[in-house]
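A.B. asks: Input: one structure, supplied below.
The values are calculated or read from the model by the stated rules, or taken from the named source; none is laboratory data. Here the structure is a predicted model, which is why all the values come from computation and not from measurement. So basically every Cβ, Gly included, is an ideal-geometry build from the backbone, and we count neighbours across all protein chains shown.
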Amino acid sequence: MTATITGLRTFDIRFPTSADLAGSDAMNPDPDYSAAYVVIETDAPDFLAGHGFAFTIGRGNDIQTTAIDALSSYVVGRPVDATLADLGELWKALVHDSQLRWLGPEKGVMHMAISAVVNALWDLRAKRAGKPLWRLLAELPPEEIVELVDFRYLTDALTPGEALEILRRAEPGRVARTESLLRNGYPGYATSPGWLGYDDDKLARLCERAVADGFTQIKLKVGADLEDDRRRMRIARKVVGPGVRIAIDANQRWDVGAAIAWVRELAEFDPWWVEEPTSPDDVLGHATIARAIAPVKVATGEHVQNRVVFKQLLQTGAISYLQLDAARVAGVNENVAILLLAAKFGVPVCPHAGGVGLCELVQHLSMFDYVAVSGSLENRVIEYVDHLHEHFVDPVTMRCGNYVAPVAPGFSATMRQESLDAYAYPDGPMWRVR
Ligand SMILES: [Mg+2]
């Protein structure tokens, strides 16, 4: 009997994180971390389900959920095996839907909805294969990985032939790097000390704890008030010492000139990179900032809407670190394209994480990159934020500042049923009592 995809169900899940200022930065003072969550169901023989989500920060999560529902006809009623065997084709069908495409194209709510669906299908495929997603991807033949990517708009920077060459070059070391990952994990860095809403004592305490936990890089939110930033950078640098990298993150707060001036004011504290200094759409602005603030480096990506903008950021030398996001571009397939682009340009990928469930997802992409694409850990770190992991069935595990390689089958995207029930918005018990 051939299994069929029988349903696509969505859930508006919100966590009241604004209550304790976790996640606060210069542009987002009071986020309620949320997931527009999707479950793709199948029937016999195994009744497995694929789980995925788009991450939002509260209001609008209902719109995001509705956008995911709009994709239902692309999956429901289809045979499971044939669908999962050619996710490259399905990706193209979803992204190039001639009517839904008008809502982007390839950006924003609709693109994030596709991300949720595509990632849920990859979760399902990995569960059926009995492997964690990073391992499933890293064991695919190079030709099959290339087939996952839509090269439309990319071929002036990366052709299918070049992508194949990158993957073939990495092939001989796959086994050794897989073993090394299973043994040592993948380096992370800590964002939790530096939320803008925390007072100086809490900042110092959390910096100290991050170093004690084995992290060699932390990140501070900046951009609201220069004198505050100078004071907070001084405290952080004093606590962590000269050997720990301190990245700063402005969350798009500045115009180009202001970014340059502000970063120069903080240069004496030796910031490692400045993240999202200005609008994520301003490719040339990032390039101007990068030239002006060197040797401080520019990083961006969590709000970069698609592979085309990443291509331009790389072509113009605007970024030294590429911060892909697991759920903003259209899921695994587009992120495979972005990893290949980064490898072509020799730019390290240091993914955006945190939010709800983004650490869980993105670890798989970085580990796949290490085993099968870039083959390198040099200057590569995955963001780590220590909240909301308890809502996941297979949460990330950290050891000495490193992500432990997940071994459970799937994409680590499955949320606990109790959490789905408790935080359902607006009728779940956690919202009704507020
Ligand atoms: Mg950021």
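A.B. asks: Look through the range 391-414, keep the residues that are outside any strand (DSSP E or B) and small (G, A, S), and return whichever of them is farthest from A138 (Cα to Cα). Step through it out loud before you land on a result.
C.D. replies: Step one: list which residues in the range 391-414 are outside any strand (DSSP E or B), which gives 391, 393-397, 400-401, 404-409, 411-414.
Still in the running and small (G, A, S): 401, 405, 408, 412-413.
Details: G401: 23, A405: 13, A408: 15, S412: 16, A413: 19 Å.
Step by step, filter the range 391-414, then rank; the result is G401.
A.B. asks: From L340, L324, L314, grab the single residue that is within 16 Å of the ligand (Cβ to nearest atom), at pLDDT 95 or above, in the same structural domain as P395 (by TED's automatic domain parsing) and of a type in the set (A, V, I, L, M, F, W, C). Working first, answer last.
C.D. replies: Working: L340 fails: within 16 Å of the ligand (Cβ to nearest atom); L314 fails: within 16 Å of the ligand (Cβ to nearest atom).
Testing whether each residue is within 16 Å of the ligand (Cβ to nearest atom), at pLDDT 95 or above, in the same structural domain as P395 (by TED's automatic domain parsing) and of a type in the set (A, V, I, L, M, F, W, C) leaves just L324.
A.B. asks: Turning to a different aspect of this structure: Can you tell me which of L124, L90 is touching a residue at least 24 places away in the same chain (Cβ under 8 Å), surrounded by 23 or more Cβ atoms within 10 Å (Cβ to Cβ) and farther than 22 Å from V304 by Cβ? Full working, then the answer.
C.D. replies: Numbers: L90 fails: surrounded by 23 or more Cβ atoms within 10 Å (Cβ to Cβ).
The match here is L124.
A.B. asks: With (1) modelled with pLDDT of 95 or more; (2) within 16 Å of the ligand (Cβ to nearest atom); (3) of a type in the set (S, T, N, Q) as the list, and S192 as the residue in question, which single condition is left unmet?
C.D. replies: (1)
A.B. asks: In the range 213-225, how many residues are surrounded by 19 or more Cβ atoms within 10 Å (Cβ to Cβ) and within 16 Å of the ligand (Cβ to nearest atom)? Even if it seems obvious, please write down each step before you answer.
C.D. replies: Taking the range 213-225 as the starting set, the residues that turn out to be surrounded by 19 or more Cβ atoms within 10 Å (Cβ to Cβ) are 215, 217-223.
Add one more test, that the residue is within 16 Å of the ligand (Cβ to nearest atom), and what stays is 217-223.
The qualifying residues number 7.
A.B. asks: So which residues in the range 226-283 are more than 16 Å from the ligand (Cβ to nearest atom), of a type in the set (G, A, S) and out of contact with any strand residue (DSSP E or B) (no Cβ under 7 Å at 6 or more places or on another chain)?
C.D. replies: Hits for the range 226-283 are G241, G243, G257, A258, A261, A267.
A.B. asks: If K297 satisfies all but one of (1) charged (D, E, K, R); (2) touching a helix residue (DSSP H, G or I) at 6+ places or on another chain (Cβ under 8 Å); (3) surrounded by 23 or more Cβ atoms within 10 Å (Cβ to Cβ), what's the number of the condition it fails?
C.D. replies: (3)
A.B. asks: Within the range 3-41, can you find the residues that are within 16 Å of the ligand (Cβ to nearest atom) and under 14 Å from F53 (Cα atoms)?
C.D. replies: Y33
A.B. asks: Can you confirm whether V356 is closer than 22 Å to D386 by Cα, of a type in the set (V, I, T), touching a helix residue (DSSP H, G or I) at 6+ places or on another chain (Cβ under 9 Å) and within 16 Å of the ligand (Cβ to nearest atom)? Break it down stepwise before answering.
C.D. replies: On the way: closer than 22 Å to D386 by Cα: yes; of a type in the set (V, I, T): yes; touching a helix residue (DSSP H, G or I) at 6+ places or on another chain (Cβ under 9 Å): yes; within 16 Å of the ligand (Cβ to nearest atom): yes.
Yes.
A.B. asks: Here is a further query. Just wondering, is there one or more residues in the range 45-56 that are surrounded by fewer than 17 Cβ atoms within 10 Å (Cβ to Cβ) and more than 22 Å from F11 (Cα to Cα)?
C.D. replies: So the first thing to find is which residues in the range 45-56 are surrounded by fewer than 17 Cβ atoms within 10 Å (Cβ to Cβ), and the list is 45-47.
Next, only the ones that are more than 22 Å from F11 (Cα to Cα) stay: 45-46.
Yes - at least one qualifying residue is present in the range 45-56.
A.B. asks: Being in a helix (DSSP H, G or I) and in contact (Cβ under 8 Å) with a residue 12 or more places away in the chain is the filter here, so list the residues in the range 137-155 that pass it.
C.D. replies: Within the range 137-155, the first condition is being in a helix (DSSP H, G or I), and the residues that meet it are 137-138, 142-147.
L137, A138, P142, E143, I145, V146, E147 - these are the residues of the range 137-155 that are in a helix (DSSP H, G or I) and in contact (Cβ under 8 Å) with a residue 12 or more places away in the chain.
A.B. asks: When you go through (1) under 30 Å from D86 (Cβ atoms); (2) exposed (fewer than 14 other Cβ atoms within 10 Å of the Cβ) one by one for A176, which number turns out not to apply?
C.D. replies: Only one criterion in (1) under 30 Å from D86 (Cβ atoms); (2) exposed (fewer than 14 other Cβ atoms within 10 Å of the Cβ) is unmet by A176, namely (1).
A.B. asks: Might you let me know whether the range 189-205 holds any residue that is closer than 25 Å to G301 by Cβ, over 23 Å from the mean Cα position of the chain (by Cα) and buried (at least 24 other Cβ atoms within 10 Å of the Cβ)?
C.D. replies: No - not one qualifying residue is present in the range 189-205.
A.B. asks: From the set of residues in the range 372-397 that are crowded, with 21+ Cβ neighbours inside 10 Å and aliphatic (A, V, I, L, M), which is farthest from the ligand (Cβ to nearest atom)?
C.D. replies: Checked the range 372-397; the qualifying residue farthest from the ligand (Cβ to nearest atom) is A372.
A.B. asks: Only residues that are of a type in the set (S, T, N, Q) and either more than 23 Å from D386 (Cβ to Cβ) or over 23 Å from the mean Cα position of the chain (by Cα) (or both): list them for the range 209-254, please. Walk me through it before giving the result.
C.D. replies: First pass over the range 209-254, keeping only residues of a type in the set (S, T, N, Q): 216-217, 251-252.
Within the range 209-254, just Q252 meets the criteria.
A.B. asks: Looking at this structure, is V362 closer than 13 Å to L133 by Cα and in contact (Cβ under 8 Å) with a residue 12 or more places away in the chain? Walk me through how you get there before you give the answer.
C.D. replies: Values: closer than 13 Å to L133 by Cα: yes; in contact (Cβ under 8 Å) with a residue 12 or more places away in the chain: yes.
Yes.
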